[in-house]
1. Restricting to the range 78-88, name every residue that is hydrophobic (A, V, I, L, M, F, W, C) and outside any helix (DSSP H, G or I).
2. Output the residue which, of all residues in the range 12-62 that are touching a Leu at 6+ places or on another chain (Cβ under 9 Å) and charged (D, E, K, R), is surrounded by the most Cβ atoms within 10 Å (Cβ to Cβ).
3. I'd like to check something: does the range 3-25 contain any residue that is assigned to a helix (DSSP H, G or I), closer than 30 Å to Pro169 by Cα, of a type in the set (Val, Ile, Thr) and under 13 Å from the mean Cα position of the chain (by Cα)?
4. Quick check, is Asp31 over 30 Å from Val172 (Cβ atoms), among the acidic types (Asp, Glu) and either free of Cβ contacts under 8 Å to residues at least 12 places away in the same chain or not in a loop (DSSP other than H, G, I, E, B) (or both)?
5. Counting only residues that are under 20 Å from the mean Cα position of the chain (by Cα) and over 24 Å from Asp153 (Cα atoms), how many does the range 107-129 have?
6. Of all residues in the range 77-124, which are closer than 30 Å to Ser194 by Cα and β-branched (Val, Ile, Thr)?
7. Looking at (1) within 16 Å of Thr26 (Cα to Cα); (2) touching a residue at least 12 places away in the same chain (Cβ under 8 Å), which one does Glu134 not meet, given that it meets all the others?
8. Could you please find all residues in the range 188-200 being modelled with pLDDT under 90 and surrounded by fewer than 14 Cβ atoms within 10 Å (Cβ to Cβ)?
Amino acid sequence: MKKITKLKRYTTLPILLDMLDRKKLTLLTPDLWDDKNDSAVIHAYKSRKAIKSLHAVCLSQGDDTVHHWKTFSGGGSGCMIEFDAPKLFELLKGIPGIRHGVVRYKKLSDVEGKNFVIDLDQMPFTKRWPYRCEEEYRIILEGDHPESFYDIDMPLNLIRRITVSQQMPRSVFKTIKGYLKGITKNPESKIYQSTLYENKRWIKCFSQD
């Protein structure tokens, strides 16, 4: 398995601002997930292991895709937070009930039938094949936490860079960039605007005579 050096969270500006202001990484109950295939597997896992609560945060170890931005960071307020993976893993070591790992993707034909067997502990890290482009890395917390969320204290130096949606007007991005540099208290913070929908370097390669 390749060494994971960075992990990305695709989200929206309000979630980013909350993270920076409170210095918290928030894990949510799967009840709030849009993908009901995924949340149903988690519920089955909880039932089979008699776990009272499970919270999770879903990250990506892969490259940017339109799917990531459209699904998790759509619109002008979308953004991507890139974490320093080794620092994040070190932080997670001291938290009881935390598990994390790469998500494995299975076809429907893989799981149907009497011969299908899965390691119970791998269930929370198993997802349907159509989602394989996400290249997900999942952090889960098992325990007895009644709230719909669980906060982990997080130093801001875990964040390597922030990328804001290209759909945000350029003038607005300049304002947001200045504000983000201020809230992180680091004028050298790496804050960029995505070039997913219009990359001038790509266009130039096809525009030359």
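1. Cys79, Met80, Ile81, Phe83
2. That would be Lys46.
3. Within the range 3-25, one or more residues are assigned to a helix (DSSP H, G or I), closer than 30 Å to Pro169 by Cα, of a type in the set (Val, Ile, Thr) and under 13 Å from the mean Cα position of the chain (by Cα).
4. Here the answer is yes, as Asp31 does meet what is asked.
5. Residues meeting the conditions: 6.
6. Listed by number, the residues that qualify are Ile81, Val102, Val103.
7. Glu134 satisfies every listed condition except (1).
8. The answer is Glu188, and nothing else.
The values are calculated or read from the model by the stated rules, or taken from the named source; none is laboratory data. Predicted model only: the values in this text are computed from it and were never measured. Here the Cβ is made from the backbone with ideal geometry for all residues, glycine too, and neighbour counts use every protein chain on show.
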